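The values are calculated or read from the model by the stated rules, or taken from the named source; none is laboratory data. What you see is a predicted model; the values in this text were computed from it and never measured. Don't worry about glycine lacking a Cβ; one is built from the backbone with ideal geometry, like all the others, and counts go over all protein chains shown. All accessible areas refer to the heavy atoms of the entire protein, side chains included, with ligands and DNA or RNA removed. Shrake-Rupley method; radii C 1.70, N 1.55, O 1.52, S 1.80 Å.
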Amino acid sequence: KKGDAKNSKKPKAPETAAPETTKVPEPVSPPPVTAPAATEGEVMDGHTVHEALKHVLNACPKADGPDGNPALAFVLLDRDTLLATDDFAHHKAFLPQPASTGPVKITRASLRGLQKKLDGELKSGAETSTAVTVVWSGLIVEVHGVGETHHVTLQKFDGGPDPKHLH
C-alpha cells in the first residue's frame, strides 16, 4: 500500500567510522602541601636563641647566695618552649624549632654558659658579618659561629617541681 509507513524505505546514510576520540585524562590535583613536622635538632638563628635565653634567665634564681633558691635554679625546656620561675615572675620564651622531644630541666649555670658562648659568637659574627646558627638537641647544643663549631653539653637538673606544675 502506498503511504504505509512500514513499507516505506528511507535510504540509509552511509556508515562512517566514528571519529576516534582520545580521552584526555582529567588533571589530577597535587596533594596538599604541608610543612614537614619539625623535629629536634634543626638549625636555629643564634640571635633568636640568645634573646630567648636572656628572657628566661631573668626569672631564674641562682642556686646559691642570699637571693638564691636551689629548688628553682633551672629552666624547663619542653619541645620549643623555655620556661623559668622564681615564684614571683614566670618567664616563657619560644624557640623557632623544637629542641627536645619532651620536658627536660636544665641547670641555670649551664644555660648561662651557653648564653655567654652565644654572646661571644654573636659579637664576633657582627664584626665579620657572619651568621651564627644553633643546633639544639636535648642537652647537646652546637653553636656554629665564625670559622668554628662549639659543642656545649648542658647539665640536667634533677630537683624542683614536676614540669606539669610549671605549665
- Note on the structure: Too long for a 20 Å Cα-Cα cut-off, among LYS123/LYS156; LYS92/LYS123; LYS62/LYS123; LYS62/LYS116, are LYS123/LYS156; LYS92/LYS123; LYS62/LYS123
- Note on the structure: Taking every alpha carbon pair in region 44-167 and sorting the distances into 10 angstrom bins from 0 up to the bin holding the longest one, the percent per bin comes out as 14, 47, 29, 9, 1
- Task: With 10 Å bins from zero, work out the P(r) of region 90-161 over every alpha carbon pair and list the percent per bin.
- Result: 18, 48, 27, 6, 0
- Task: May I ask you to rank PHE94, PHE157 by accessible area, largest first, using a 1.4 Å probe over the protein chains only?
- Result: PHE94, PHE157
- Query: Ordered by residue, what ³J(HN,Hα) values in Hz, to whole numbers, does region 143-151 give under the Karplus form 6.51 cos²θ - 1.76 cosθ + 1.60, where θ = phi - 60° and Gly and Pro are x?
  - Reply: 10, 9, x, 6, x, 8, 10, 9, 9
- Message: If I ignore ligands, DNA and RNA and count only protein heavy atoms, how much of LYS156 is accessible to a 1.4 Å probe, in Å² to the nearest 10?
- Response: 130
- Once you list every other residue whose beta carbon is under 14 Å from the beta carbon of LYS117, what net charge do they have if Lys and Arg are +1 and Asp and Glu are -1? 0
